[in-house]
Number of protein chains: 2
Amino acid sequence: MPSDTKDRILDSAEILFAQNGFSATSLRAITDHADVNLASVNYHFQSKDALVQAVLMRRLNPVNQRRLEMLNAILQRFPASPPPVEEILEAFYRPVVEEVMKSQREGRPIMPLIGRIFIEPGELVASQVRSLMSQVVTAFVDAFHLALPQVPPAVLFWRLQFAVGMMSHTFAAAPLIEGLSRGRIRINDTEEVLRQLIAFAAGGLRGAMP
Amino acid sequence: MPSDTKDRILDSAEILFAQNGFSATSLRAITDHADVNLASVNYHFQSKDALVQAVLMRRLNPVNQRRLEMLNAILQRFPASPPPVEEILEAFYRPVVEEVMKSQREGRPIMPLIGRIFIEPGELVASQVRSLMSQVVTAFVDAFHLALPQVPPAVLFWRLQFAVGMMSHTFAAAPLIEGLSRGRIRINDTEEVLRQLIAFAAGGLRGAMP
DNA sequence: GCATTCTTAAAACGGACGTTTGACTGAATG
DNA sequence: CATTCAGTCAAACGTCCGTTTTAAGAATGC
């Protein structure tokens, strides 16, 4: 447990945002959970909105950086031939899944938070996510174009969004999905989740053109 | 003659819930938009939570009924041979996409609402969705098992959830997606959306076993 | 026509919200 | 030693929240 007030606020805010959403989580609930004074939120961050942005940035920036690193490593290994679709998908999925599962194990269940960021209403979160994701989207659409040159870029863009939605929904609705499955599946094994995601998305990306 | 106050509340609540989410939408915003008295919400419905449930039920019940009708029609046309995956997927997707696009055309943009219901935090919405979806999930997993007998039921369940997430995310993050695509795709054509969804999901369902 | 039920209206309830204030701390600076 | 200054704290600010109350109107049954 960190002793710095700013980090304690970020940690508690992350947990409570994941559990209850952004607008349903009050600053008082956060400061109670973090055991800090209420006014320290507006001292270290300027407002609740800025706190939301800080929570998102702290998680998304390292993940997206890792995604681009893995993607570049793949592209360098295939300088002249189409890179395998499955490897590109792993570069896209693994950094997120590992980050989520790691937090889960550490008692910080941020799974629904990661699942919800694309869907959160309000222009504040949307513009934040847009600026954080545009580089990643461009890089992966380009990579899929190398892997599947016969698929038009517009269709590849559709399919990348579907690949995002698969993961987003799996994390955000994890308790609901596990309940509906009546014990058939569990969403807590990094490699199993990655296998299922990659197998489905690879099939979808290669699917017959509509 | 039943009063139209109740329906006006439902219509306005639906629009504002879709725009701003459930907890960020106040009853005063709803009654102002509907041009009715504030107290009429607690008169016709008992609470805000009950209003949320009523809004969800009014939309989801007809859609899920239509899904099961279309699925049964397909299964009756293939009594002895595996039904085509694409037709099952159309039975799953078309009722939702048509409902959403129809509302969109009528000036009632409920797209983000439909996309967000699986992801909304809080046990109230979750239990509501669970009871509304369990019959549909069971019926479609069974149908996919007929269409793809070589795929284990647990994997089919994973893949049905991925199919849900694709659509969910497409609707909930539609403005974000259209922005990130920089004009490459638009999410307003029923048949185009259905083609893209079905093509990707069919490829994914048929994908190599992980 | 009167009585009863259903529906709307304005106003207020207590509480929770995000934010601001002003006093106070304790270590660092010169 | 006096001063500064980032940080913490309790308290209060005005606003908005979901809900309730009280009363007046509209509809319905006899």
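The values are calculated or read from the model by the stated rules, or taken from the named source; none is laboratory data. If you're wondering where the values come from, they're calculated on a predicted model, not measured in any experiment. Ideal geometry is used to build each Cβ from the backbone, glycine not excepted, and the neighbour counts take in all protein chains shown. We work out accessible area using only protein heavy atoms, side chains counted, and drop any ligands, DNA or RNA first. Shrake-Rupley method; radii C 1.70, N 1.55, O 1.52, S 1.80 Å.
Every residue, every condition in (1) in contact with a Gly (Cβ under 9 Å, 6 or more places away or on another chain); (2) within 18 Å of B:S181 (Cβ to Cβ); (3) surrounded by 14 or more Cβ atoms within 10 Å (Cβ to Cβ); (4) of a type in the set (D, E, K, R), yes or no:
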position	(1), (2), (3), (4)
A:R105	no, no, no, yes
A:R108	no, no, yes, yes
A:P112	yes, no, yes, no
A:A126	yes, yes, yes, no
A:M133	no, yes, yes, no
A:F140	no, yes, yes, no
A:L148	no, yes, yes, no
Step by step: first the residues of the range A:8-19, then only those that are away from DNA strand D (no atom under 15 Å from the Cβ) and open to solvent by 10 Å² or more (accessible area, probe 1.4 Å), then the one that is nearest to A:A173 (Cα to Cα). Which residue is that? A:Q19
Checking A:Y93 against (1) more than 16 Å from DNA strand D (Cβ to nearest atom); (2) buried (at least 17 other Cβ atoms within 10 Å of the Cβ); (3) of a type outside the set (D, E); (4) more than 14 Å from chain B (Cβ to nearest Cβ), which test does it fail? (4)
Looking only at the range B:35-54, how many residues end up being polar (S, T, N, Q), in a helix (DSSP H, G or I) and more than 8 Å from DNA strand C (Cβ to nearest atom)? 2
Is the range B:28-39 home to any residue that is modelled with pLDDT of 95 or more and within 28 Å of A:P112 (Cβ to Cβ)? yes
Considering the range A:132-155 alone, what residues qualify as being more than 10 Å from every other protein chain (Cβ to nearest Cβ) and out of contact with any helix residue (DSSP H, G or I) (no Cβ under 7 Å at 6 or more places or on another chain)? A:Q135, A:D142, A:L146, A:P149, A:Q150, A:V151
If the requirement is being among the charged types (D, E, K, R), away from DNA strand D (no atom under 16 Å from the Cβ) and away from every other protein chain (no Cβ under 14 Å), which of these qualifies: A:R28, A:R105? A:R105
Residue check for A:E98: in the same structural domain as A:L148 (by TED's automatic domain parsing), modelled with pLDDT under 95 and of a type in the set (D, E, K, R): no
For the structure I just gave you, tell me whether B:D32 is away from DNA strand C (no atom under 11 Å from the Cβ) and farther than 26 Å from B:P95 by Cα. yes
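Report yes if some residue within the range B:167-190 is under 14 Å from A:Q196 (Cβ atoms), more than 7 Å from chain A (Cβ to nearest Cβ) and surrounded by fewer than 20 Cβ atoms within 10 Å (Cβ to Cβ); otherwise report no.
no
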Against the conditions (1) of a type in the set (A, V, I, L, M, F, W, C); (2) more than 20 Å from A:I119 (Cα to Cα); (3) touching an Asp or Glu at 6+ places or on another chain (Cβ under 8 Å), where does A:V63 fall short? Just the number, please. (2)
Log entry, pairs with first residue in the range A:194-210 being more than 7 Å from chain B (Cβ to nearest Cβ), second being surrounded by 24 or more Cβ atoms within 10 Å (Cβ to Cβ) and polar (S, T, N, Q), beta carbons closer than 7 Å, six or more apart or on different chains, reads none
Looking at the structure I just gave you, is B:A163 open to solvent by 10 Å² or more (accessible area, probe 1.4 Å), in contact with a helix residue (DSSP H, G or I) (Cβ under 6 Å, 6 or more places away or on another chain) and either more than 8 Å from every other protein chain (Cβ to nearest Cβ) or under 19 Å from A:F171 (Cα atoms) (or both)? no
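When you check A:L56 against the structure, is it of a type outside the set (D, E), within 10 Å of DNA strand D (Cβ to nearest atom) and touching a helix residue (DSSP H, G or I) at 6+ places or on another chain (Cβ under 8 Å), yes or no?
no
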